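The values are calculated or read from the model by the stated rules, or taken from the named source; none is laboratory data. It should be emphasised that the depicted structure is a prediction, and the values quoted were computed from it without experimental measurement. Cβ: placed from backbone, ideal geometry, glycine included. Neighbour counts: every protein chain shown. All accessible areas refer to the heavy atoms of the entire protein, side chains included, with ligands and DNA or RNA removed. Shrake-Rupley method; radii C 1.70, N 1.55, O 1.52, S 1.80 Å.
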Amino acid sequence: MGSGSIQMVDTKNQYLKIKKEVDAAITAVIDSSQFIQGPAVKAFEKNAEVYLGTKHAIGCASGTDALQIAMMALGIKPGDEIITTPFTFVATTETIALLGAVPVYVDIDPKTFNIDPDKIEEKITPKTKAIMPVHLYGQPVDMDRIMDIAKKHKLYVIEDAAQAMGAKYHDKLICTIGDIGCISFYPSKNLGAFGDAGMLTTNSDDLAEKIRMIISHGSKRKYYHETLGVNSRLDSIQAAILDVKLKHLDEYCDARNAAAEKYNARLKDHVEVPYVMPGVKHIFHQYSIRVKNRNAMQEFLKENGIPSMIYYPVPLHLQEAYKYNYLPGDYPVSEEIAADIISLPMHTELDDAQIDLICSKVIEFLNKN
Ligand SMILES: *Cc1c(COP(=O)(O)O)cnc(C)c1O
């Protein structure tokens with residue numbers, strides 16, 4: 001430990017600690033030959049329901065698919081408006097656009113980097129159907145505010161919890177508060193599969209039944225198709241791996257929190273450290289700070305063998321493929337933060353020596369610039 005090079009995410013060493021258990025789970029699926037919707041999927045869904053405290057947890061092929069399927073289950077139609085944040089991964093806008101719906105952005109809160117609840121109501125029109133908050137970097141959105149607005153205007157809420165499985169808002173797990181929650185198990189996420197995988201959560205029996213049909217070609221009974229569907233089932237091998245790792249998720253989230261605290265202790269006198277909203281459990285999918293000469297800092301860190309990432313350099317309203325009628329300057333907070341945000345290495349295997357080195361290089365750069 002400490003001898004290895006610093007990585008942005010270290011899924012390899014995380015795997016090695018539970019290798020026996022994971023390998024046995026994979027072999028069991030292969031031995032059973034039940035690769036599609038087999039018992040491994042059912043078992044993982046049941047355990048996820050218990051862990052999250054949700055009535056239904058339904059596996060699917062990716063977090064991106066989960067968002068699309070959630071909107072299909074809620075009957076989102078071409079021309080419907082979905083309120084969301086412009087400062088997130090492209091999947092949000094991509095899936096809205098694929099359904100012919102329209103993303104209506106609301107700028108973010110500069111402290112939390114999440115959608116600013118104070119700015120939502122002014123964007124609601126008769127065409128608005130849903131609010132899609134994203135719990136960015138593992139920090140929960142202020143869900144009480146979102147749910148109040150949704151109730152008042154009769155809107156659905158779809159939580160993009162791709163970066164936040166295990167995060168808590170007061171006493172509730174993220175992704176169990178809105179109508180549907182969407183989770184990604186992309187390998188680098190807090191609960192990561194060994195390939196693409198995702199999940200939808202809901203407390204509604206009706207929505208759960210629709211989701212189960214949609215993920216499997218819109219049918220309940222093979223070759224009888226009652227609704228428009230897709231092929232987006234959770235792979236049995238991924239389910240078996242995820243079921244093993246789910247038992248370690250709290251420990252993984254705690255390890256990330258411990259790393260964040262160590263970063264905070266070293267960096268707090270030099271830079272504004274990540275804000276954590278009162279009453280939430282942030283799970284630090286990313287540890288992100290704002291630095292004026294962000295690109296130069298990234299270069300400097302790289303020269304010193306320290307990786308870093310920019311999540312995300314271009315807000316969605318300015319992406320070439322999804323411009324709609326948006327212009328630079330429309331979402332000033334998102335644009336400012338996209339220009340100065342930088343994420344430092346964050347994973348469950350970071351040791352003190354590595355965090356020390358990263359922090360000393362960050363401070364060295366800040367002192368010179
Ligand atoms: C990762 C991610 C997704 C997409 O998940 P995939 O499993 O990669 O399809 C969606 N939204 C956010 C905020 C994400 O970080």
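Key figures for this structure:
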item	result
Residue among His270, His282 that alone is buried (at least 19 other Cβ atoms within 10 Å of the Cβ) and touching a helix residue (DSSP H, G or I) at 6+ places or on another chain (Cβ under 6 Å)	His282
Test for Gly4: is it surrounded by fewer than 13 Cβ atoms within 10 Å (Cβ to Cβ), at pLDDT below 95 and out of contact with any strand residue (DSSP E or B) (no Cβ under 6 Å at 6 or more places or on another chain)	yes
Some residue of the range 258-267 being among the acidic types (Asp, Glu) and crowded, with 19+ Cβ neighbours inside 10 Å	no
Unmet requirement for Lys323, which otherwise passes all of (1) under 30 Å from Val106 (Cβ atoms); (2) touching a Ser or Thr at 6+ places or on another chain (Cβ under 9 Å); (3) of a type in the set (D, E, K, R)	(2)
Among residues of the range 210-235, those that are of a type in the set (Lys, Arg), exposed (fewer than 15 other Cβ atoms within 10 Å of the Cβ) and under 25 Å from the mean Cα position of the chain (by Cα), counted	0
Answer residue from the range 158-171, given it is in a loop (DSSP other than H, G, I, E, B), out of contact with any Leu (no Cβ under 7 Å at 6 or more places or on another chain) and within 12 Å of the ligand (Cβ to nearest atom) and is most open to solvent (accessible area, probe 1.4 Å) among those	Ala162
Residue match in the range 114-136 (condition: within 29 Å of Asp340 (Cβ to Cβ), away from the ligand (no atom under 16 Å from the Cβ), among the charged types (D, E, K, R) and not in a helix (DSSP H, G or I))	yes
Check on Lys77, more than 12 Å from the ligand (Cβ to nearest atom), outside any helix (DSSP H, G or I) and surrounded by fewer than 16 Cβ atoms within 10 Å (Cβ to Cβ)	yes
Residues located in the range 37-61, provided they are part of a loop (DSSP other than H, G, I, E, B) and open to solvent by less than 20 Å² (accessible area, probe 1.4 Å)	Gly38, Thr54
Residue check, Ile174 in contact with a Pro (Cβ under 6 Å, 6 or more places away or on another chain) and open to solvent by less than 40 Å² (accessible area, probe 1.4 Å)	yes
